[in-house]
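Chemist: Shown below is the structure under consideration.
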Amino acid sequence: MNAETAWSHLQRALASSEPACRGDDRFIGDGRGGAQTADLVTICTDCPIRPQCQDYAVSLGFRIAGFWAGRWRGKYLTEAEDLAV
């Protein structure tokens, strides 16, 4: 699935369901600690939009960072790396 299609599916899912991670900044941070990761996995496990979240994260590959669909993905770019992209 390409990123545009995956994004569309994710947006439709978000319009009809509340993601378990909404408002939780730990999902966008780079805190890959063991206890925190275990908490995030637990939150993702029963999330109603996890399949769409995973499809979108996979479609973006390395261009995404954070905790998506039950796992850490990508890396955070330095400012210089971000400007070069």
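The values are calculated or read from the model by the stated rules, or taken from the named source; none is laboratory data. The shown structure was predicted, so the numbers you read here are calculated from the model rather than taken from an experiment. Virtual Cβ from ideal backbone geometry, glycine too; neighbours counted across all protein chains shown.
Chemist: State yes or no: is residue 15 more than 12 Å from residue 55 (Cα to Cα), assigned to a helix (DSSP H, G or I) and not β-branched (Val, Ile, Thr)?
Modeler: Working: more than 12 Å from residue 55 (Cα to Cα): yes; assigned to a helix (DSSP H, G or I): yes; not β-branched (Val, Ile, Thr): yes.
Spelling it out, residue 15 is indeed more than 12 Å from residue 55 (Cα to Cα), assigned to a helix (DSSP H, G or I) and not β-branched (Val, Ile, Thr).
Chemist: Please go through the range 37-68 and pick out each residue that is small (Gly, Ala, Ser) and modelled with pLDDT of 90 or more. Give the derivation first.
Modeler: Of the residues in the range 37-68, the ones small (Gly, Ala, Ser) are 38, 57, 59, 61, 65-66.
If the condition is that a residue be small (Gly, Ala, Ser) and modelled with pLDDT of 90 or more, then 57, 59 are the ones that fit.
Chemist: Right, something else. Working only within the range 18-62, note down all residues that are outside any helix (DSSP H, G or I), among the β-branched types (Val, Ile, Thr) and in contact with a helix residue (DSSP H, G or I) (Cβ under 8 Å, 6 or more places away or on another chain).
Modeler: 49 - this is the single residue of the range 18-62 that is outside any helix (DSSP H, G or I), among the β-branched types (Val, Ile, Thr) and in contact with a helix residue (DSSP H, G or I) (Cβ under 8 Å, 6 or more places away or on another chain).
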